[in-house]
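J.: Take a look at the following structure, please.
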Amino acid sequence: MEPILDRFLRYVAVDTQSNEDSPSQPSTAKQLDLLTMLRGELLAMGVDASIDEYGYVMATIPANIQEHVCDEKGCRTIPSVGFIAHVDTAPDASGADIKPQIIRNYDGSPIPLKGVPGLSLDPADFPEMLDYKGQTIITTDGTTLLGADDKGGVAEIMDAVQYIVEHPEFRHGTIKIGFTPDEEIGRGVAKFDVGKFGASYAYTMDGGAVGELEYENFNAAAATVKIQGCNIHPGYAKGKMLNAIMIAEELDSLLPANQKPQYTEGYEGFFHIIGFKGTVEEATVNYIIRDHSMDLFEQKKQMIGQCVDFINTKYGAGCATLTLKHQYYNMRKEVEPHIHIVEKAVKAMEMEGIKPKVQPIRGGTDGANLSFMGLPCPNIFAGGHNFHGKMEYVPLESMEKASKVILNIVSLFAQ
């Protein structure tokens with residue numbers, strides 16, 4: 001079998017950054033480079049695979065056991081199970097010309113990121129690095145992100161597929177494989193055909209550290225506030241100028257200071273400013289709004305609306321315009337009726353000596369929207385840390401364990 005490290009390095013070499021400002025799907029044509037490559041690799045392994053006009057790769061490994069079983073437990077049907085990962089990388093940092101560093105037998109010291117003199121990945125800042133002493137750690141060189149989110153998940157699924165294909169004695173029901181574009185911009189499964197995919201249940205391989213297992217996520221919305229100022233020559237501006245930059249700053253100051261990402265954890269939600277463009281004449285501020293509680297989520301949306309109303313009352317109607325856009329909802333209510341799929345994932349991890357960490361996602365995955373589309377879809381660790389930035393890294397052993405967890409899940413469904 002091809003080592004999972006070689007597979008991962010091949011995938012991160014392909015620039016697949018998505019673009020939230022693009023109306024197309026995929027949002028960037030370059031994502032199709034990797035999606036097409038994956039389809040080709042699946043076909044080369046003898047797996048029936050297709051890619052559609054939206055970039056979705058879907059593949060099927062037929063069952064090699066009887067799927068309708070009658071025994072002392074009664075009669076039942078072995079459900080088909082899917083595994084899904086996204087190929088795009090986040091717009092937050094460059095995904096082009098990635099130069100991974102491979103640190104073997106990590107000794108617990110800071111890791112210099114050689115692309116930026118003086119920059120290092122330091123356990124003093126990221127103490128969880130010490131959990132991986134003696135392992136192989138893959139980092140960035142400090143100039144780009146790494147792409148373990150979610151090419152780690154892609155590599156893990158493909159590694160498991162190769163094992164299944166090369167070991168016909170491995171017993172399994174029908175297995176479905178899916179690779180998606182544009183997850184990082186909230187459009188990953190916007191046009192995904194759940195019926196065509198054909199899985200009864202699925203798992204996204206898109207979590208963080210080894211052991212993470214999630215079936216709760218944020219309710220999510222995006223907010224854009226446009227500020228219309230009035231630019232007057234500064235020498236004659238008294239009583240006339242409305243500085244859109246300063247009004248935007250004032251708007252941001254109205255939001256609760258303790259409800260920002262850097263002050264929240266667990267189930268706590270937040271307002272996160274993710275973009276600002278402005279001149280004296282006009283400015284645009286972009287936020288994402290998150291909360292696990294639907295009630296608190298609605299309150300947050302109302303609150304930003306009230307802040308905009310205050311600005312318009314103070315500076316005149318039409319000064320501020322708010323656009324709210326739904327992104328995804330908390331999948332817990334859709335997964336809990338099928339809690340056995342979570343229990344199987346827990347057992348699959350325990351079979352590998354992994355202590356499961358069942359926790360809420362402080363983010364979202366394709367699985368959230370898929371769950372509301374009729375495909376219950378918890379999220380399993382892909383192994384990476386510090387996603388979306390130059391400090392991203394992934395331990396090789398975590399990816400290897402994730403691949404084995406996939407195989408264990410398949411085996412448990414086949415029983």
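J.: Nearest 0.05, what FRET efficiency do Thr77 and Ser253 give at R0 = 56 Å with Cβ-Cβ as r?
T.: 0.45
J.: Next question, about the same structure. Extending each Cα 7 Å along its Cβ direction at Asp122 and Gln359, get the distance between those two points in nm, one decimal.
T.: Distance between label points: 2.3 nm.
J.: Still on this structure, please answer the following. Relative to the compact-globule scaling 2.2 N^0.38 Å, provide the ratio for the alpha-carbon radius of gyration of the stretch 367-407.
T.: For the stretch 367-407, the normalised Cα radius of gyration is 1.46.
J.: Can you give me the Cα centroid spacing of the stretch 360-401 and the stretch 291-338 in angstrom?
T.: A separation of 25 Å, based on Cα centres.
J.: Can you tell me the length gained on complete extension of the stretch Lys99 to Leu324, counting 0.36 nm per residue apart and subtracting the Cα distance?
T.: Gain in length upon complete extension: 77.2 nm.
J.: Ok, one more. Under 27 Å from the Cα of Lys344, which lysines turn up, not counting those fewer than eight places away in the same chain?
T.: Partners within reach: Lys73, Lys151, Lys176, Lys196, Lys333, Lys355, Lys357, Lys401, Lys404.
J.: Would you calculate a helix-derived [θ] at 222 nm for the chain, using -39,500 (n - 2.57) for each DSSP H run of n ≥ 4 and dividing by the full residue count, to the nearest 500?
T.: So the helix-based figure for the chain works out to -9000 deg cm²/dmol.
J.: So what is Rg over Rh here for the stretch 211-349, counting just Cα atoms and using Kirkwood for Rh?
T.: 1.15
J.: Moving on. Modelled label-to-label distance, Gln415 and Thr36, 7 Å Cα→beta-carbon offset: nm?
T.: It works out to 4.4 nm between the two label points.
J.: Just Val194, Val335, Val405 to compare: in a GNM of the chain, with alpha carbon springs under 10 Å, which one fluctuates most?
T.: Val194
J.: Given a 1.4 Å probe and the protein chains all in place, what does the accessible area of His68 round to, in Å² to the nearest 10?
T.: 120
J.: Taking the Cα centre as origin and putting +1 on Lys and Arg beta-carbons and -1 on Asp and Glu beta-carbons, what dipole magnitude results for the chain, to the nearest 20 debye?
T.: Rounded to the nearest 20 debye, it is 640 debye.
J.: Related question: Is the shape of the stretch 1-68 best called rounded, prolate or oblate, per the rule: a/c under 1.5 gives rounded, else a/b larger than b/c gives prolate, else oblate, with a ≥ b ≥ c the square roots of the Cα gyration tensor eigenvalues?
T.: Here the stretch 1-68 falls in the oblate category.
J.: Separate question: Send over the semi-axes of the stretch 280-354's equivalent ellipsoid, whole angstrom and largest first, taken as the square roots of 5 times the C-alpha gyration tensor eigenvalues.
T.: Semi-axes, largest first: 43, 14, 9 Å.
J.: Can you find, among Pro110, Ser120, Ile177, the residue sitting farthest towards the positive end of the charge dipole of the stretch 105-180, where Lys and Arg contribute +1 and Asp and Glu -1 at Cβ?
T.: Ile177
J.: Where q = 0.09 Å⁻¹, what log10 of I(q)/I(0) comes from the Debye formula for the stretch 1-148, counting one point per Cα?
T.: -0.45
J.: Relative contact order, percent, of the chain when contacts are C-alpha pairs under 8 Å separated by at least 6 residues?
T.: The value is 23 percent.
J.: Once the Cα gyration tensor of the stretch 133-234 is found, what semi-axes does its equivalent ellipsoid get, as square roots of 5 times the eigenvalues, in whole Å, sorted largest first?
T.: Semi-axis lengths for the stretch 133-234 are 38, 22, 13 Å.
J.: If I stretch the segment between Val69 and Tyr236 completely, what's the gain in nm (0.36 nm per residue apart, minus their alpha carbon distance), one decimal?
T.: Fully extending the segment from Val69 to Tyr236 adds 51.7 nm.
J.: While we're here: Glu169 to Gln306: FRET efficiency via 1/(1 + (r/R0)^6), r the Cβ-Cβ distance, R0 51 Å, to the nearest 0.05?
T.: 0.20
J.: Can you give the Kirkwood hydrodynamic radius for the stretch 197-241, in Å, rounded to one decimal and based on Cα pairs?
T.: Evaluated over the stretch 197-241, this radius sits at 16.8 Å.
J.: Here's something else I'd like to know. Nearest 10 degrees is fine. How inclined is helix 396-413 to the longest principal axis of the chain, computing both from alpha carbons?
T.: 60
J.: Using Cβ-Cβ distances only, list the Cys residues of the chain with no partner cysteine under 4.7 Å, sorted by number.
T.: By the Cβ distance rule, which asks for a partner under 4.7 Å, the isolated cysteines are Cys230, Cys307, Cys319, Cys377.
J.: Based on DSSP, what percent of beta bridges with both residues in the chain are antiparallel, to the nearest 5?
T.: Roughly 75 percent of the DSSP beta bridges within the chain come out antiparallel.
J.: Classify the stretch 84-203 from the C-alpha gyration tensor, please: rounded if a/c falls under 1.5, else prolate or oblate depending on whether a/b exceeds b/c.
T.: Because a/c hits 1.5 or more and a/b fails to exceed b/c, the stretch 84-203 counts as oblate.
J.: Please work out the ratio of the alpha-carbon Rg of the stretch 333-410 to 2.2 N^0.38 Å and round it to two decimals.
T.: That works out to 1.17 for the stretch 333-410.
J.: In addition: Compute the FRET efficiency between Met45 and Glu265 as 1/(1 + (r/R0)^6), taking r as their Cβ-Cβ distance and R0 = 45 Å, and round to the nearest 0.05.
T.: Efficiency computed from Cβ-Cβ geometry: 0.60.
J.: What is the helix-to-structure angle for 148-166, meaning the angle in degrees between its Cα long axis and the longest Cα principal axis of the chain, kept from 0 to 90 and rounded to the nearest 10?
T.: The angle comes out near 10 degrees.
J.: Please determine, in degrees from 0 to 90 and to the nearest 10, the orientation of helix 340-350 with respect to the longest principal axis defined by the Cα atoms of the chain, where the helix direction is its Cα long axis.
T.: Tilt relative to the chain: about 70 degrees.
The values are calculated or read from the model by the stated rules, or taken from the named source; none is laboratory data. What you see is a predicted model; the values in this text were computed from it and never measured. Because the Cβ atoms are built from the backbone with ideal geometry, glycine has one as well, and the counts that use them run over all protein chains shown. These accessible areas exclude ligands, DNA and RNA; they are computed on the full protein's heavy atoms, side chains included. Shrake-Rupley method; radii C 1.70, N 1.55, O 1.52, S 1.80 Å.
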